[in-house]
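Got a structure for you, questions after.
The values are calculated or read from the model by the stated rules, or taken from the named source; none is laboratory data. Remember, predicted model here, so these are calculated numbers, not experimental data. Note: ideal-geometry Cβ built from the backbone for every residue, glycine included; neighbour counts use all protein chains shown.
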Amino acid sequence: MKEKQISELANIEKDNDIVLGWKVDGYDEILCSKNGLVQLFNKSGADHSAKVPHIISACKDMPDFAIRVEAIGPGGTISSTKSILGSGPERAIAYQKEHGSLTLMAHDVILTVDGHNISKDPFGVRVSFLNDIIRSLLERRLKISQEHLCYRDKKGFFNHVINLGGEGVVAKRLSGYDKDMFKIKRVKTWDVVIIGFTEANPGKFEGLIGAIIYGAHNEAGDLVELGKSSGMDNAQRTFFTVNRANMHGRVIEIKGQEVGSKGAIRFPRFIRLRDDKLPISCLVKDIT
């Protein structure tokens, strides 16, 4: 899915054919009931059904249907979702007993309850069938919600999502298809210190640096590694390769979505060198 800048909100504000949905930090899955077989699987076909027996049992004896859902772990974090869907069945079930069950947020329909495949229909048609399916699942006490769609005040909705800790929104054209959807996500920047570089893999950038290893100073004044950032263009990558011996300790500005539980910035991208900043001013406590 394409990603656009926050400035795009102004361009779509008065476009009544575009609605916004909350970009949830979960796993994109398909919940399906076909000929009595209930499954939860991802777009690659990996079957996660055995890891979520509470979901499978709630859908038992449902008429045929297939919906796209966002699978969300307890606490709404991607790490908790990964602890469930990225583990084996036994570990996934044990994790949910201790921390809470995986929940679902439905956002699209593939197969209606009468068995009609509408995956090729425009989004506005597909989503109109979602209410009936959600109602049936809620009656079976399945923890599932329906994506809230914003039709107006799109900038206000985006800010609301960000203020509540969301990572952004997905713009969907009611008369369009999956290829017409795009993401608008929050972006934050941080100043960090170059610690070193990785080597590029064989291929396009072979012989050049692969990524910048970056860090910041802890309370004891030690420079600690926090992660790796790419995002350089060819000229920047060549510059760092040629001058790598003089780069250690230089300050750079990077952008990303948010900070993970171990201090690493999610999806970091290089912006520029910051020679106006002292390395000692880059602190771990400020990477939030």
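Please enumerate the residues belonging to region 161-183 that are over 21 Å from VAL125 (Cβ atoms), out of contact with any Asp or Glu (no Cβ under 6 Å at 6 or more places or on another chain) and surrounded by 17 or more Cβ atoms within 10 Å (Cβ to Cβ).
Answer for region 161-183, where residues must be over 21 Å from VAL125 (Cβ atoms), out of contact with any Asp or Glu (no Cβ under 6 Å at 6 or more places or on another chain) and surrounded by 17 or more Cβ atoms within 10 Å (Cβ to Cβ): VAL161, GLY166, GLY168, VAL169.
Take region 236-286 and flag every residue that is crowded, with 16+ Cβ neighbours inside 10 Å and of a type in the set (Ser, Thr, Tyr).
THR241
Next question. Got at least one residue in region 232-247 being closer than 30 Å to LYS82 by Cβ, assigned by TED's automatic domain parsing to the domain that holds PHE197 and under 25 Å from the mean Cα position of the chain (by Cα)?
Looking through region 232-247, at least one residue is closer than 30 Å to LYS82 by Cβ, assigned by TED's automatic domain parsing to the domain that holds PHE197 and under 25 Å from the mean Cα position of the chain (by Cα).
Kindly establish whether LYS179 is at pLDDT below 90 and under 17 Å from the mean Cα position of the chain (by Cα).
No, not satisfied.
What number goes with the only condition from (1) within 25 Å of ILE78 (Cα to Cα); (2) free of Cβ contacts under 8 Å to residues at least 40 places away in the same chain that THR189 does not pass?
Result: THR189 fails condition (2) only.
Now, a different point. Would you check if LYS154 is at negative phi, buried (at least 20 other Cβ atoms within 10 Å of the Cβ), of a type in the set (D, E, K, R) and not assigned by TED's automatic domain parsing to the domain that holds GLY227?
Working: at negative phi: yes; buried (at least 20 other Cβ atoms within 10 Å of the Cβ): yes; of a type in the set (D, E, K, R): yes; not assigned by TED's automatic domain parsing to the domain that holds GLY227: yes.
Yes; evaluated as a whole, the condition is true for this residue.
Picking from LYS23, LYS60, LYS51, which residue would you name as being at pLDDT below 95, in contact with a helix residue (DSSP H, G or I) (Cβ under 8 Å, 6 or more places away or on another chain), assigned by TED's automatic domain parsing to the domain that holds ASN131 and charged (D, E, K, R)?
LYS23 is the lone residue from the list that is at pLDDT below 95, in contact with a helix residue (DSSP H, G or I) (Cβ under 8 Å, 6 or more places away or on another chain), assigned by TED's automatic domain parsing to the domain that holds ASN131 and charged (D, E, K, R).
How many of the residues making up region 212-240 are farther than 25 Å from ASN201 by Cα, in a strand (DSSP E or B) and among the small types (Gly, Ala, Ser)?
Count: 1.
So which helices (runs of 4 or more DSSP H) are wholly in region 71-180 and hold at least 1 residues that are within 26 Å of ALA50 (Cβ to Cβ) and of a type in the set (Phe, Trp, Tyr)?
89-99
Checking the conditions here, which among GLY256, GLY215, GLY231, GLY263 is at pLDDT 90 or above, within 17 Å of VAL193 (Cα to Cα) and of a type outside the set (A, V, I, L, M)? I'd like the intermediate steps shown before the answer.
Values: GLY256 fails: at pLDDT 90 or above; GLY231 fails: at pLDDT 90 or above; GLY263 fails: at pLDDT 90 or above.
Matching residue, one of GLY256, GLY215, GLY231, GLY263: GLY215.
Across region 184-202, which residue is surrounded by the fewest Cβ atoms within 10 Å (Cβ to Cβ) among those that are touching a helix residue (DSSP H, G or I) at 6+ places or on another chain (Cβ under 7 Å) and assigned to a strand (DSSP E or B)?
Top of the filtered list is PHE197.
How do the pairs read when you match residues in region 136-154 that are farther than 30 Å from ASP15 by Cβ with residues anywhere that are modelled with pLDDT of 90 or more, using Cβ under 6 Å and keeping only pairs 6 or more apart or on different chains?
LEU137/ILE144; ARG140/ALA58; LEU142/ALA58; LYS143/THR103
For region 99-118, give me each residue that is at pLDDT 90 or above and touching a helix residue (DSSP H, G or I) at 6+ places or on another chain (Cβ under 9 Å).
HIS99, GLY100, SER101, LEU102, THR103, LEU104, ALA106, HIS107, ASP108, VAL109, ILE110, ILE118
Can I ask one more? In this structure, is ASP233 under 25 Å from LYS2 (Cβ atoms) and free of Cβ contacts under 8 Å to residues at least 12 places away in the same chain?
yes
With (1) farther than 27 Å from ILE6 by Cβ; (2) surrounded by 14 or more Cβ atoms within 10 Å (Cβ to Cβ); (3) touching a residue at least 24 places away in the same chain (Cβ under 8 Å); (4) of a type in the set (Gly, Ala, Ser) as the list, and GLY207 as the residue in question, which single condition is left unmet?
(2)
Only one of (1) within 30 Å of VAL242 (Cα to Cα); (2) at pLDDT 90 or above; (3) of a type in the set (D, E, K, R) fails for GLU206. Which number is that?
(2)
In region 8-26, which residues are of a type outside the set (D, E, K, R), in contact with a Lys or Arg (Cβ under 8 Å, 6 or more places away or on another chain) and surrounded by 14 or more Cβ atoms within 10 Å (Cβ to Cβ)?
LEU9, ILE12, ILE18, VAL19, LEU20, GLY21
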